[in-house]
Every structure is written in C-alpha cells, then in structure tokens.
Ligand code: GLA
C-alpha cells in the first residue's frame, strides 16, 4: 500500500522576489487534507480517503518549492490569471485601444503571460484549519493588461469533502479577466501512471474545436459521434488515441473547452464527474463558469519527477479547468470576459470527493 503524506512545511519556506513563501494546510474531520502554497496560490497536495479509507494524494506536484522552481512550467495546481487559457497573438482591443501580451505559447499569450498570477507570491490574510484566503494586486499594465486588478482567491474545505474555490476581483480600468485553477488530478494517486482507466462524464453537448494554434475557431461543434462525447460516462482512454483531427491539434489528447449545458449550471448540479476504478475515488466538479477546459496532460513529458519520485508522463493526469472560453477577448460571440470599474467579478468552483465502491 502506498503511504501518502503532506509535504513538509519547511520545504516550502523560501524567498522569491523578496517575498517569503509558505505551505498552508487545511484539514477536515473526514480525513481529507489540502496543502496550499502562496507561490501561485496553488494546490500542492490533496489527500482524499480511497475505498479502504487510506489517504491518497490525487494531485500532481512537488515536495518542495525548489521542486516547483526546477520543474518545467506546467502550471501545477496554480491559480491562473489574469487571463486563463489562450489569447490569439497576445492581442485584444477594449474601446478601440489595443493591448499586447507578450506571446509565451507559439504566437499566443497563454495563462496571463510568462509572469502571470501563477508565478506571483500571494498574500495570505486569513487562515483557519478549514480555510485560507489569498490576495494579489496586479498593477495596471502588468504583463500588458490594463487596470490595477485586486484579486482574492478563497479555499475552503468542508466536512462534506468539498474543496470550494471562490474568486473575487475588482479593477480600476476596463480589463479582461478569466480565472481558474490548474490542478492536475490522478485519482489512482499522483504518479501512478496514466488516467486512461478513469471514467468521465461531462454535461456538455457542444465543445469548441480549435485551429492549429489551439485557438477556438469560434464555431461550437456538437460532441455527438465524436471522441469528445462524454455525456454518458466513458473511459478517458476509450477514444483518446484515435486519429481524430481535433485530438491531434490538442497535441495527442484532449485540450478543449466544453460549453457546459446551461441546465446543469442553472440547477447547480455537477458539470463533470470522474472516477477511478482502482481507488474508488470519485470527483464531482460544480461551477458558476460557462466553460470547462478538459486537458489530459498532453504536454507532460516524463522529465519531471513528482512528490514520490515518479515521472509525470503524458496523460499522467487530467485537468478540469472551469473558466470562460479561450480567446474570449477576440471572440465577440462568446460570453464576455470584460470587467469594468465599479463591478465585481465573482466565480466559484467546487471539487467534491466521495468514494464509489
Ligand atoms: C492548459 C492548456 C494546455 C497547456 C496547459 C499547460 O491546460 O490548455 O494546452 O498549455 O495549460 O501546460
């Protein structure tokens, strides 16, 4: 039996850009524990009881801050911002003024630019056994985005084995915003091979096909009769290796935004459910966001070795990133990602764990 533990707090005590970093631990009464770092307001570990009651770490990550600094930038567990996902050519326009984010993903700006929120040291303000709040103020013009943006990310662990992530932001100039968490899950336990045996359901009849730069073409497509159909539970591995043009554009796997069915959203029902037949661990995702980026770790290479020394290989995890649609600032048919002064951006995502025997 694998024995999983939380990383040592002292391995996360470091200085980055003159700011101290820490490890923050949340616990509930049901044996679930979460480790967070203020470096990127990120999830480091998530211990969940499996079908035998053994705590299992279901997210990829490293056991020290140095591990994170040495690894390839894969956005492990981070809070992604100011704009999650891709902006074509790093360019967009607000009120006739064009803004430019230095491309860091071919021609695209990805995940808020090279020094997005994932690489910042966030302030911790309130920390209890079951909750932690992180704050960051992005300067006007930071990474090219307009407006001074004050952001808060709150993590709360409930006795119902839910990790609730709440986001709130305000700006002093019109800007664009798209926030998500980039946890890489493996419900067999981190570093335990690929996620092909996981059974996934996504409440979405349509998704956004992409072009060769992974930018949505702008025309939603039905999932029906495609490898993208997860409306009824299906093995992630069932179609992932198919010679499908969209899977190829995703670099050999899923890396696409699903347009979540409005009924599931309106009724506050899970928009996605994933289960490991090995551990029995079941994950439900609930959100207020209209989209869900399903990504199967297609850019993991096996070079980085995680918390227990196991390589993080391609398809070694999945991400379910709740968010607005990629490239929304340039795609005016998509729900808007514009945030104006005097308005408050709010969103919430719940990762709820249980065991299915
Ligand atoms: C997101 C993107 C992927 C990839 C990862 C980070 O999920 O959609 O294409 O860039 O982030 O590696």
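Bear in mind these aren't lab numbers, they're just calculated from the coordinates by the rules spelled out. Just so it is clear, the structure is predicted and the values come from calculations on it, not from any experiment. All Cβ positions, glycine included, derive from the backbone under ideal geometry; neighbour counts span all protein chains shown.
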Expressed in angstrom and rounded, the centroid-to-centroid distance over alpha carbons for region 36-65 and region 314-357 is 21 Å
Kirkwood Rh over alpha-carbon pairs of region 77-186 plugged into Stokes-Einstein at 10 °C, 1.306 mPa s gives a D in µm²/s of 107 µm²/s
Dividing the mean separation of Cα pairs under 8 Å (6+ apart) by the residue count of region 39-194 yields a relative contact order in percent of 26 percent
Computed over the chain, the relative contact order (Cα-Cα under 8 Å, seq sep at least six) in percent reads 18 percent
Using alpha carbon centers only, region 78-142 is separated from region 283-310 by a whole-angstrom value of 19 Å
For region 270-343, averaging the sequence separation of alpha carbon pairs under 8 Å that lie six or more residues apart and dividing by its residue count, the contact order in percent is 24 percent
Note: probe point = Cα of residue 305 + 7 Å toward Cβ; backbone nitrogen < 20 Å; residues of region 11-25 passing the test are 11-12
Of region 299-317, those with amide N under 17 Å from the point 7 Å along the Cα→Cβ vector of residue 66 are 305-309
Expected unfolding gain across residue 54-residue 356 under the 0.36 nm per residue rule, minus the alpha-carbon gap, is 107.3 nm
Across the alpha-carbon set of region 1-146, Rg over Rh with Rh taken as the Kirkwood radius works out to 1.04
Length gained if residue 262 through residue 336 is fully extended, taking 0.36 nm per residue and subtracting the Cα-Cα distance, is 25.0 nm
Computed from the beta carbon distance with a Förster radius of 35 Å, FRET efficiency for residue 102 and residue 346 to the nearest 0.05 stands at 0.75
Projected convex hull area of the chain, Cα atoms, direction-averaged, in nm², equals 16.4 nm²
